[in-house]
Ligand code: NOJ
C-alpha cells in the first residue's frame, strides 16, 4: 500500500536507489566492514561516531510512513513528516523505526541510510507482531489455553516468516507478564496467571520468533516485555503502581522473563509501571544488578513508548534532561518515541553526567545486534516486496491459524452432552453481536491483519453444515448498547430454531492496552439478550468472545454449554465450527481462573491459604471468603472439558523424594466415552509447612494427551527437588525438606488424585 502523501521525489529516490546502492562505494565499504569480526566492526564504527550520532543509534521512533499510522495503537504524537524522518535518517538521528508498513517503506528508508548517511549504519525495523502479521493467530491468552508450547512456537515461527519478509527485523514480543487480576486488559496478550505456563509459552514464542539463526530472512529478534511486573498493577488498572515484595517479584513475575532470556531473547522492554516507588525505566537494580549482573543478559533494553518521559509524570524525574539521565544510567539502552536520548544524551555526556564509556557500551549492544541480525552483511536482507507478497497469507499459515484457533477453545460446560452438534437436520439460530460480520475476529494488538479477511462465526457454521438454509443470524444487541427491536427478533429466531448459538462477550476494543474493566462481566445489553433468549427454552450454546476471564452470571452461566473462544484470528469461524460440530474434541484449558464474582479480583488458584482457610463449598463463619460465595473459582485455572469421558485412576507416587534423587509419579488416564478426547493432565504440589508460607497449589508439570474411545494411557512425571524451590527469607532460592501434597488433576481446583510424599534432607 503506497500512501499518496509520500512525495514523488521520495518514491523515485526509493526505486532507483537500491540499484545505486548495489554498485556504491558505500556497499563495498560495508562489505569490507562485514568481513571483520563483530567487535572490530562495531568498535571501528563507534570510534568514528560523534556523540550525536551515538545518541541517534539509541533512538527509536514510530514510522512516519503513511502519515503516522504507526502510532495507531499508542497515544498520538506529533511526529515528523516522512520527508523529515528521512532527513533524520540521513543525519544518523535514528536507529530505526517501528510499526511501519511493509517492505516498500522499509526499502526506501534503508536506502537513504545506506546511501546518504555519513556512516551508512543499517536501520533496524521493529513492529508489534503480537499474534500474527497478516495471518492472525489467537491472542496470547487464547493460545496459552492450548497448553501446547510447541503450538506457540509454530505460530510465532509463522508470524516471523510472514513479518520478516516485509522488512521487520524485531518484534516487540513476547509479552510474558503474569496476569492475576482479570480487570487488567493486557491479560489477552500473555499466557495468563500461572508461572510455569508463562515460562513455557514465553520461551516457545522466543524460539519461534528468532528461529535457529537470527540472520535468516525469516527470523526476527524477540523482545521480552514488559520488564517487570507490569501485570501486577494495583486493582488491575493499566499503568498503575505495583507494590510487591522482592520475593513475589522473583517467584511470580520474573521467571517468565528468565525463561525467555534463556531461550535466547536478546532484547527486553522496560515496563511503564513503578515497583515500590521506582519506575522500571529508572530502576538500576532491575536493569543492571539483576538483568545483566545476576542473569548475565547480553542483549539491549528499550524503553516502552515514552517510558522515559513518563518518569516526569510519575514524579521521579524533574524534567526531560533528568529523565533521560535516569533512564540511561539505570540501564535502558534505547529510548522509544520521546526523543529524550537524542535530545539530551550529547549534553549529558559533555557535562560528565553520563560517562562516555556507558554511551559506547549501549551503542555497542545495539550495533552488535544489528550485526547479529545480518544487517551489516546485507541491510536489505529482510526487505523484499516480492518475498513479502509470496509469504503473505499462505495456505499453510491459514491452516495453522485454524489449528491454533480450535486448540485454544475451552469447553467450560456441556450439560447433557449438548455438544457436539449434529451437522444436519437442525435449525440453528446464531444470535448476538458476534454472530456474523467482519469485526472483532482478529482481536486487539493487530496492526497488519485485516478483519475483512477473517472468517466470522456464521460463515464457519455455514461451511460446516449440510443445509445452509437452516441457519438464521440475528444480531440481537449491540456490544455495549441495546439494539432497537433486537431482543424481539432474537427471541423469534430462537423460537423457530432447534438450537441457539449465543455469540456474546467483549469486542476487541474492550481488552488490550489501556482497557482495564472495573466489572469483568458480559455487558448488560448482551446479558439482557441472553436472559430473554434463555426464556424460550431451546438448547443454548454460549460462544464467548473475550480477552480475559469473565464472571459469568444468570442465563449465561446457566446455559447448558459454554465455549470460551477468546479472539481467534483469521480462521475464527472455521475453528469454532470444528469444535461445535465435533470435527475435533476440545483440548483447551483455562490459563486464567473464571471467578464466581467480579469482586473476587484478583483471583488466582495459587493463592496463599491464610490463617483461616475455607477451601470447600460450605461457607464457614469467620473464615476467608466473601459473603455468599466460596473462595474458589467458578471455573478454575486448568479447567476444560472434552468430548470423551475422562477417568483418572491408579495414582502411584514414591513415598520419598531423596534430596539428590527423583520422585516418580504416574496415573492412568482413560477415555470411557464414545468420542475421541484430549486431556491436559496436570500435576500440582503443596508444601505443607515451610519457612515462607506457600500457595495452596502450584502447577509443576502437565502433559497433553489424545485418547481414542476406550483408550487408556499411563502418564508419568518425574520431579526433582528443584521443582520444589521457592524464594526464601533472604530472597534467594531455597529448597526445604518436608511433607508435600501432590495432585494429578484435571484442574487447579479439582480433587483429581491426591497423594503425599516427603522430601528427605540431603
Ligand atoms: C506500548 C506497549 O506497552 C508496548 O507493548 C508496545 O510494544 C509499544 N507501545 C509499541 O507499540
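The values are calculated or read from the model by the stated rules, or taken from the named source; none is laboratory data. All figures in this text were calculated on a predicted structure; none of them were measured in a lab. For neighbour counting, all protein chains shown are included, and Cβ atoms are generated from backbone atoms with ideal geometry for every residue, glycine included.
Summary of values
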| item | result |
| --- | --- |
| Residue in the range 606-622 that is buried (at least 23 other Cβ atoms within 10 Å of the Cβ) and in contact with a strand residue (DSSP E or B) (Cβ under 8 Å, 6 or more places away or on another chain) present | no |
| Lone unmet requirement of (1) surrounded by fewer than 15 Cβ atoms within 10 Å (Cβ to Cβ); (2) more than 19 Å from residue 200 (Cβ to Cβ) for residue 716 | (2) |
| Every pair of residues 6+ apart whose Cβ atoms lie under 7 Å, when the first sits in the range 725-745 and is assigned by TED's automatic domain parsing to the domain that holds residue 690 while the second is loosely packed, with under 15 Cβ neighbours inside 10 Å and in a strand (DSSP E or B) | 725/733; 727/733; 739/756; 740/756; 741/754; 741/756; 742/756; 743/754 |
| Any hit, the range 753-762, residues being over 25 Å from residue 144 (Cβ atoms) and touching a helix residue (DSSP H, G or I) at 6+ places or on another chain (Cβ under 9 Å) | yes |
| Boolean, residue 442 is over 22 Å from residue 676 (Cα atoms), buried (at least 16 other Cβ atoms within 10 Å of the Cβ), in contact with a helix residue (DSSP H, G or I) (Cβ under 7 Å, 6 or more places away or on another chain) and in the same structural domain as residue 487 (by TED's automatic domain parsing) | yes |
| Residue in the range 380-388 that is crowded, with 17+ Cβ neighbours inside 10 Å and touching a strand residue (DSSP E or B) at 6+ places or on another chain (Cβ under 6 Å) present | yes |
| Qualifying residue in the range 130-139 (condition: away from the ligand (no atom under 16 Å from the Cβ), more than 16 Å from residue 405 (Cα to Cα) and part of a loop (DSSP other than H, G, I, E, B)) | no |
| Residue count for the range 334-387, restricted to those that are within 16 Å of the ligand (Cβ to nearest atom) and assigned to a loop (DSSP other than H, G, I, E, B) | 3 |
| Residue match in the range 614-627 (condition: closer than 18 Å to residue 413 by Cβ and under 28 Å from the mean Cα position of the chain (by Cα)) | no |
| Unique match (being more than 20 Å from residue 268 (Cα to Cα) and either within 16 Å of the ligand (Cβ to nearest atom) or at pLDDT 95 or above (or both)) among 126, 105, 144 | 144 |
| Which listed residue, of 761, 748, is in a loop (DSSP other than H, G, I, E, B) and touching a strand residue (DSSP E or B) at 6+ places or on another chain (Cβ under 7 Å) | 748 |
| From the options 269, 287, residue that is within 14 Å of the ligand (Cβ to nearest atom), at pLDDT 95 or above and buried (at least 22 other Cβ atoms within 10 Å of the Cβ) | 269 |
| Residues located in the range 315-333, provided they are surrounded by 22 or more Cβ atoms within 10 Å (Cβ to Cβ) and not in a helix (DSSP H, G or I) | 317, 331, 332, 333 |
| Within the range 157-178, considering residues that are in a loop (DSSP other than H, G, I, E, B) and within 14 Å of the ligand (Cβ to nearest atom), the one surrounded by the fewest Cβ atoms within 10 Å (Cβ to Cβ) | 172 |
| Residue among 110, 85 that is buried (at least 24 other Cβ atoms within 10 Å of the Cβ) and away from the ligand (no atom under 16 Å from the Cβ) | 110 |
| Odd one out for residue 96, checked against (1) within 15 Å of the ligand (Cβ to nearest atom); (2) within 19 Å of residue 567 (Cβ to Cβ); (3) at pLDDT 95 or above | (2) |
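Residues are listed down the side, and each one gets a yes or a no for (1) in a helix (DSSP H, G or I); (2) more than 14 Å from the chain's Cα centre (by Cα); (3) within 16 Å of the ligand (Cβ to nearest atom):
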position	(1), (2), (3)
188	yes, no, yes
197	yes, no, no
206	yes, no, yes
209	yes, no, yes
214	no, yes, no
226	no, no, yes
238	no, yes, yes
247	yes, yes, no
256	yes, no, yes
